[in-house]
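The values are calculated or read from the model by the stated rules, or taken from the named source; none is laboratory data. Note that the structure is a prediction, hence the values are computed from the model and not measured. Counting neighbours? That spans all protein chains shown, and the Cβs are built from the backbone with ideal geometry, glycine included.
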Amino acid sequence: MLEVDDLHVSYGAVNAVHGVSMRAEPGKVTLVLGANGAGKTTSLRAVAGFHRPRSGTVQLDGVDLTGKRAHVMVRHSMVLVPEGRRVFPTLTVVENLRIGGYRASRAQVDETIEEVYSQFPILSERRGTAAGLLSGGEQQMLAFGRALMSQPKAILMDEPSMGLAPTMVDTVMTKVRQIADRGIAVLMVEQNADAGLAIADEVSVITRGRTVWTGPTADADRAAVRAVLGDAALDDPDIGIGREPTAGGGTGER
Ligand SMILES: Nc1ncnc2c1ncn2[C@@H]1O[C@H](COP(=O)(O)OP(=O)(O)O)[C@@H](O)[C@H]1O
Ligand SMILES: [Mg+2]
């Protein structure tokens, strides 16, 4: 179980995140919702070791990982699938996958690649293709596959459906569900709230850098989430409840 408690993260003097708490259980998907700029990416990146939190704790199966760097987090079985997928465009599909498994022996990597291919047949078909030539949906599958190469217990996903065609969004969400069903804890930020709610078990809502609501998906139907987010949900086109996700985001992150 991944447990994030009372996370505070700043960029210099700017307190982007001040009081974010989230949980993700093995075999479950926790969906993180919130307006553009609410602090979702900052929170995920701090949990995954790309920013050092000012305070708060990150624990995986009771082991305190707070403030560890990203490569250490990967060793402790937690991995981030970043916003925008960030596959290496000039490397082939299989080369991208090998990078995700850099810790393991050659034989172990080969075995894990076969598992990834069986989960994502399209990656097997495209194994020799440069990742930059894949469609957005295929690149997202590759980003998932690369994350799975480290055999994680917890996967953090930042807006996996961003920029994808509507038909591809459901395919990607189905894959997210399947990843969780294999016993992995998934913590997913997703602007497409409807698509996310369709596969999530738990929901956490972040407003202006703080967790304001957490509960089972059944209690987080559109009306409930809208009520929790209040006026922001009605006024802010970036929240994404029942709306198409907006491109870009303009969060100024690296
Ligand atoms: N590298 C950065 N430097 C300074 N401020 C940042 C940086 N990245 C994000 N922010 C600010 O932190 C807040 C949270 O951003 P972010 O975590 O990207 O939100 P979200 O992912 O929910 O859209 C925003 O106000 C954003 O402008
Ligand atoms: Mg973001």
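When each of Leu97, Leu33 is tested for being under 26 Å from Gln191 (Cβ atoms), surrounded by 22 or more Cβ atoms within 10 Å (Cβ to Cβ) and either charged (D, E, K, R) or touching a Leu at 6+ places or on another chain (Cβ under 9 Å) (or both), the lone residue that passes is Leu33.
Surrounded by fewer than 16 Cβ atoms within 10 Å (Cβ to Cβ), of a type in the set (A, V, I, L, M, F, W, C) and without any contact (Cβ under 8 Å) to a residue 60 or more places away in the chain: does that describe Val72? Here the answer is yes, as Val72 does meet what is asked. Looking at Leu197, Leu187, just one residue is touching a residue at least 24 places away in the same chain (Cβ under 8 Å), more than 18 Å from Ile122 (Cβ to Cβ) and within 14 Å of ligand 1 (Cβ to nearest atom), and that residue is Leu187.
Of the residues making up region 75-94, just one is more than 26 Å from Leu187 (Cα to Cα), touching a residue at least 40 places away in the same chain (Cβ under 8 Å) and surrounded by 13 or more Cβ atoms within 10 Å (Cβ to Cβ), namely Leu91.
Residue check: is Glu138 free of Cβ contacts under 8 Å to residues at least 24 places away in the same chain, under 21 Å from Tyr102 (Cβ atoms) and charged (D, E, K, R)? Answer is no for this residue. Looking across Ala185, Ala218, Ala200, one residue alone is small (Gly, Ala, Ser) and either surrounded by fewer than 23 Cβ atoms within 10 Å (Cβ to Cβ) or at pLDDT below 90 (or both). It is Ala218.
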